[in-house]
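Novice: Below is a structure I'd like to ask you about.
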Amino acid sequence: MKRLLIFVLLGMLIASCTNRNNKPIVAKPNPPNCNCTEVQAPVQLPPTGQVEPKPAEIKDAKIAPDYSLLKPAKWEDIDGLMQDDLSAAWDAWLQSCSTLSNQSAKNKPQWQTACSVAKTLTKPNSATIIAYLTTQFDVYSATSAEGENTGLITGYYEPLLQGSRKQSEQYPYPLYAQPKDIITVELADIYPELKFKRIRGKLVDTKQGTKKLVPYITRAEIETSPSPLAGTEIVWINDIIDVFFLHIQGSGLVNLDNSQQLHVGYADQNGHAYNSIGRLLIERGDLTPDQASMQGIKNWARNNLSQLRDLLNSNPSYVFFRELPAGLPGPLGALGVPITAERSVAIDPKYIPLGAPLFLSTTQPNSATPLKRLMVAQDTGGAIKGGVRADFFWGTGEAAGKQAGAMKQQGKIWVLLPKGFVLPK
């Protein structure tokens, strides 16, 4: 009977993920041995083919690692290692070391050894860093499932917004904190074969005194006036377009009207699939593929303000934020440490260990000028999928945003793993 009840619950949950009419589903009691205390709505599937930079909601997704696409390589295979100023990446690597000691027990000693040696080096130059890397690490070439060693390299940035702690005519657009009524359940709690899958939504009361499962509210429902999330605002922003792109990037820096600055970062997402407004503008004929960069979409939005709200609401996904500690040197990445401009990348952690140093050989945005640097894998992203795929962090503000929006290059990646690292299959 227990197993039958589990299958019943599982079917209900999957139905909620595929229910296109958003019909409510009645929640049944949990099986006696199930850890689930809450039930909720649609499975978050990663977006495909989007034009804008990575949506933020994937940052908390859990994945099963598979490093089988990392192929042993030689140090002399790395294109540009000897020409880079490796010291520019050293602080980023030390940031990774502050977290890598908490990795799984299988590889924890290897990371600890490499990081312990790193902490003994004071302001090392490139020659010292090369000696350190070659004695502490082995090098692997990142490949795709098709066996290719070249893949797509894009860029992202930290938006700089203007805001206030108080709503006003000048600052009318809110950033909301994580709602208290949103429910998240790991499906593995119901059935182990659904490990690394989760759903979100909320429970509502019925007239019969039971609970029913409904998807969480969409962007359009959140943006009504008054909003059902009124009272959970963190800060108010002056520009709706900047708010939308902050949702895509996942973290930002807000210049407040009292001359202070506020770091905000991703807290949660409403469970609805991301729908690219850039792709929609292309499908409608409003932009060509070449025009549908981040800057191109912003330009269209400012020239079509009367159509903007409907366009934004075509993407039902909505991101909630949290206030980050003051004084951070950069936004927090998926590793949980501040990321470094032009030395941190977002990768697919299924294929590349989060926190690992890597060497990237690509070209500058919209250019053939070489860009070959030691980087650190400190973040993830919804569009960052595959063995040879990276998102280059350009920094904070408008100039960084232009670089990020123009970057769509081909590149190669070499991953550095500490000697003795066990590669799970």
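The values are calculated or read from the model by the stated rules, or taken from the named source; none is laboratory data. Because the structure is predicted, anything quoted here is derived from the model rather than measured. Neighbour counts are summed over all protein chains in view; Cβ atoms, including those assigned to glycine, are modelled from backbone coordinates with ideal geometry.
Novice: Applying the selection to segment 38-94, what residues are basic (Lys, Arg) and modelled with pLDDT of 50 or more? Write out each step before concluding.
Specialist: Applying the first criterion (basic (Lys, Arg)) to segment 38-94 yields 54, 59, 62, 71, 74.
Residues satisfying the conditions are Lys62, Lys71, Lys74.
Novice: Can you say whether Leu371 is in contact with a helix residue (DSSP H, G or I) (Cβ under 9 Å, 6 or more places away or on another chain), surrounded by fewer than 22 Cβ atoms within 10 Å (Cβ to Cβ) and among the aliphatic types (A, V, I, L, M), as far as the supplied structure shows? I'd like the intermediate steps shown before the answer.
Specialist: Working: in contact with a helix residue (DSSP H, G or I) (Cβ under 9 Å, 6 or more places away or on another chain): no; surrounded by fewer than 22 Cβ atoms within 10 Å (Cβ to Cβ): yes; among the aliphatic types (A, V, I, L, M): yes.
Judged against the criteria, Leu371 is not a match.
Novice: If you don't mind, another one. Got a sec? Which strands (runs of 3 or more DSSP E) wholly within segment 280-379 have at least 2 residues that are polar (S, T, N, Q) and within 24 Å of Thr396 (Cβ to Cβ)?
Specialist: 357-363
Novice: Identify all residues within segment 165-178 that are part of a strand (DSSP E or B) and of a type outside the set (A, V, I, L, M, F, W, C); write none if there are none.
Specialist: Tyr173, Pro174, Tyr176 - these are the residues of segment 165-178 that are part of a strand (DSSP E or B) and of a type outside the set (A, V, I, L, M, F, W, C).
Each row is one residue, and each column tells you yes or no for (1) modelled with pLDDT of 95 or more; (2) among the β-branched types (Val, Ile, Thr); (3) farther than 26 Å from Arg200 by Cβ.
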{"site": "Ile297", "(1), (2), (3)": "no, yes, yes"}
{"site": "Arg302", "(1), (2), (3)": "no, no, yes"}
{"site": "Leu305", "(1), (2), (3)": "no, no, yes"}
{"site": "Arg309", "(1), (2), (3)": "no, no, no"}
{"site": "Ser317", "(1), (2), (3)": "no, no, no"}
{"site": "Phe321", "(1), (2), (3)": "yes, no, no"}
{"site": "Leu324", "(1), (2), (3)": "no, no, no"}
{"site": "Pro329", "(1), (2), (3)": "no, no, yes"}
{"site": "Ala334", "(1), (2), (3)": "no, no, no"}
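Novice: Follow-up question, since we're still on this one. Would a scan of segment 341-362 turn up a residue that is touching a strand residue (DSSP E or B) at 6+ places or on another chain (Cβ under 7 Å), polar (S, T, N, Q) and either closer than 23 Å to Lys71 by Cβ or at pLDDT below 95 (or both)?
Specialist: The answer is yes; a qualifying residue exists.
Novice: Taking segment 217-233 on its own, how many of its residues are more than 17 Å from Ser317 (Cβ to Cβ) and crowded, with 19+ Cβ neighbours inside 10 Å?
Specialist: 0
Novice: Name the residue that is nearest to Asp242 (Cα to Cα), counting only residues in segment 187-220 that are of a type in the set (Asp, Glu) and without any contact (Cβ under 8 Å) to a residue 40 or more places away in the chain.
Specialist: Filtering first and then ranking leaves Asp205.
Novice: Does Leu121 fit the bill of being of a type in the set (A, V, I, L, M), part of a strand (DSSP E or B) and farther than 18 Å from Ile352 by Cα? Lay out the reasoning, then the answer.
Specialist: Values: of a type in the set (A, V, I, L, M): yes; part of a strand (DSSP E or B): no; farther than 18 Å from Ile352 by Cα: yes.
No.
Novice: Here is a further query. Tell me which residues, restricted to segment 179-216, are assigned to a loop (DSSP other than H, G, I, E, B) and buried (at least 16 other Cβ atoms within 10 Å of the Cβ). Walk me through how you get there before you give the answer.
Specialist: So in segment 179-216, the residues assigned to a loop (DSSP other than H, G, I, E, B) come out as 179-182, 190-191, 195-197, 206-210, 215-216.
Residues satisfying the conditions are Pro179, Ile182, Ile190, Tyr191, Lys197, Pro215, Tyr216.
Novice: Does Leu287 satisfy the criteria of being surrounded by 18 or more Cβ atoms within 10 Å (Cβ to Cβ), without any contact (Cβ under 8 Å) to a residue 40 or more places away in the chain and in contact with a Gly (Cβ under 9 Å, 6 or more places away or on another chain)?
Specialist: Values: surrounded by 18 or more Cβ atoms within 10 Å (Cβ to Cβ): yes; without any contact (Cβ under 8 Å) to a residue 40 or more places away in the chain: yes; in contact with a Gly (Cβ under 9 Å, 6 or more places away or on another chain): yes.
For Leu287, the condition - surrounded by 18 or more Cβ atoms within 10 Å (Cβ to Cβ), without any contact (Cβ under 8 Å) to a residue 40 or more places away in the chain and in contact with a Gly (Cβ under 9 Å, 6 or more places away or on another chain) - is met.
Novice: Follow-up. Being over 20 Å from the mean Cα position of the chain (by Cα), closer than 30 Å to Gln110 by Cα and among the hydrophobic types (A, V, I, L, M, F, W, C) is the filter here, so list the residues in segment 394-414 that pass it.
Specialist: Scanning segment 394-414 gives a single hit, Trp414.
Novice: I would also like to ask the following. Hey, can you tell me all the residues within segment 312-357 that are of a type in the set (Lys, Arg) and over 22 Å from Gln269 (Cβ atoms)?
Specialist: Arg343
Novice: Of the residues that make up segment 146-163, is at least one β-branched (Val, Ile, Thr), buried (at least 19 other Cβ atoms within 10 Å of the Cβ), more than 25 Å from Arg322 (Cβ to Cβ) and in contact with a strand residue (DSSP E or B) (Cβ under 9 Å, 6 or more places away or on another chain)?
Specialist: The answer is yes; a qualifying residue exists.
Novice: Name the residue, out of Gly395, Gly420, Gly386, Gly411, that is on the phi > 0 side of the Ramachandran plot and assigned to a strand (DSSP E or B). I'd like the intermediate steps shown before the answer.
Specialist: On the way: Gly420 fails: assigned to a strand (DSSP E or B); Gly386 fails: assigned to a strand (DSSP E or B); Gly411 fails: on the phi > 0 side of the Ramachandran plot.
Just one listed residue meets the conditions, Gly395.
Novice: Across segment 268-277, which residue is surrounded by the fewest Cβ atoms within 10 Å (Cβ to Cβ) among those that are out of contact with any Leu (no Cβ under 7 Å at 6 or more places or on another chain) and either among the hydroxyl-bearing types (Ser, Thr, Tyr) or in a helix (DSSP H, G or I) (or both)?
Specialist: Ranking the candidates gives Ser276 first.
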